Amino acid sequence: MYQSLFGLTRRPFALTADPFFLYASPDHDEALAHLTYGLQDNAGLMLLTGAPGCGKTTIVRALCGQLDDRRALVLLESPNLSPAELIAAIVADLGGPVADSKAANLRALDQAVADLNRQGRPVLLVVDEAQSLPADSLDELRMLGSRQQGDRFLIQILLAGQPALREALGQPELASLRQRIGVACHLAALPPHEVAAYILHRLHLAGAAEPAAVFTPAALELVSRQSQGIPRLVSALCDAALLAAFGDGCRQVDGPLMHKVIALHAASSWDAGGAAPAEAAEAPGTKPGAVPDAGVEARWRHEESPLPAAVPPPPQAPVPAAAPEATGYQPAFVHVPMQPKAG
């Protein structure tokens, strides 16, 4: 609707997990690089976590988009499945015959996986929103991931989920599964300066001739504060602001307009933690609020088998005093190194 007013070829802030718009923050770039290397190095079990709206599904889809026909992909989304249902879902996704019993489905799964590996097509099982899996289903994945041929895993597994997944893996009964994790990454909220870069990046890819002219610095600061750096909330605010600007016939989103958008939608589902509108965001001397991290770090119960360290979040930095010049803007494209980084 508003695309023509701002010279856009597509909606820049649609609330879908579209890898086309993937912004390569340090966290996202590291996560995609580490998971890519884990695939190449035959890591048996990989883990990707982050708060809701931080871009886990986008990373998963970007990773899957890199695969070719030499790998068989099984993608399970929001899988609140029992062990038997989990096995049946995997068999169905591999195109095998689904039986009424778990034992028969396990035999069909083993046959399908063996056939694919003989064809040179190892299996990647991706479980998104894996925090919804019961503990016994997580343990079932441990047994699936233990299948090997020589020194290679027949099934590689990627678990993606909210921080609750890390806490679930901290249960004593899942210690064996936790010990098998070869790659672990965590997506944190964007710091304030990355919020502005994220917005400009998406505007650029959506066709904006001058991305820096669409939102004023005051509007960018308001978005950063109200969203607390959660990419999905940033996109929701920006999409609502562009729609409001279209309704008012404005070609730029400024502070007062963004205040109005926040006030209209402060109680909606995408308001960060139910926070009140950022009324004082433009007041002299105010600083963007710190991104809360309560509950993000896993509380491991057994020190003898810790999870590999998650990718650390980038350091916080202040919001720039002014938006970058349009002529100097460089979009952040994802770089995926083919070798692991030193250290």
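Some notes on this structure:
- Filter result for Leu22 (of a type in the set (A, V, I, L, M, F, W, C), in contact (Cβ under 8 Å) with a residue 60 or more places away in the chain and open to solvent by 30 Å² or more (accessible area, probe 1.4 Å)): no
- Condition met for Ala267 (modelled with pLDDT under 95, open to solvent by 50 Å² or more (accessible area, probe 1.4 Å), over 17 Å from Leu190 (Cα atoms) and not charged (D, E, K, R)): yes
- Residue that is nearest to Ser176 (Cα to Cα), among those in the range 44-82 that are over 20 Å from the mean Cα position of the chain (by Cα) and crowded, with 20+ Cβ neighbours inside 10 Å: Gly44
- Neighbours by Cβ (under 6 Å, 6+ apart or cross-chain): first from the range 82-100, touching a residue at least 12 places away in the same chain (Cβ under 8 Å) and closer than 19 Å to Gln131 by Cβ; second hydroxyl-bearing (Ser, Thr, Tyr) and part of a helix (DSSP H, G or I): Pro83/Ser137; Leu86/Ser137
- Residue within the range 150-170 that is touching an Asp or Glu at 6+ places or on another chain (Cβ under 8 Å), assigned to a helix (DSSP H, G or I) and among the acidic types (Asp, Glu) present: no
- Top-ranked residue in the range 217-235 [being in contact with a helix residue (DSSP H, G or I) (Cβ under 8 Å, 6 or more places away or on another chain) and under 18 Å from Asp18 (Cα atoms); ranked as surrounded by the most Cβ atoms within 10 Å (Cβ to Cβ)]: Val234
- Boolean, Leu144 is open to solvent by less than 20 Å² (accessible area, probe 1.4 Å) and closer than 30 Å to Ala51 by Cβ: yes
- Residue-level analysis places Gln156 outside the set of residues that are within 20 Å of Gln40 (Cβ to Cβ), of a type in the set (S, T, N, Q) and surrounded by fewer than 21 Cβ atoms within 10 Å (Cβ to Cβ).
- Counting residues in the range 121-129 that are in contact (Cβ under 8 Å) with a residue 24 or more places away in the chain, out of contact with any Lys or Arg (no Cβ under 9 Å at 6 or more places or on another chain) and surrounded by fewer than 21 Cβ atoms within 10 Å (Cβ to Cβ) gives zero.
- Out of Pro211, Pro192, one residue alone is closer than 19 Å to Ala24 by Cα, at pLDDT below 95 and open to solvent by less than 10 Å² (accessible area, probe 1.4 Å). It is Pro211.
- Only residues that are touching a helix residue (DSSP H, G or I) at 6+ places or on another chain (Cβ under 9 Å), open to solvent by 10 Å² or more (accessible area, probe 1.4 Å) and within 17 Å of Ser4 (Cβ to Cβ) were counted in the range 236-258, giving 8.
The values are calculated or read from the model by the stated rules, or taken from the named source; none is laboratory data. The structure displayed is predicted, hence computed values, not measured ones. Here the Cβ is made from the backbone with ideal geometry for all residues, glycine too, and neighbour counts use every protein chain on show. These area figures cover heavy atoms from the full protein model, side chains too; ligands, DNA and RNA do not enter into them. Shrake-Rupley method; radii C 1.70, N 1.55, O 1.52, S 1.80 Å.
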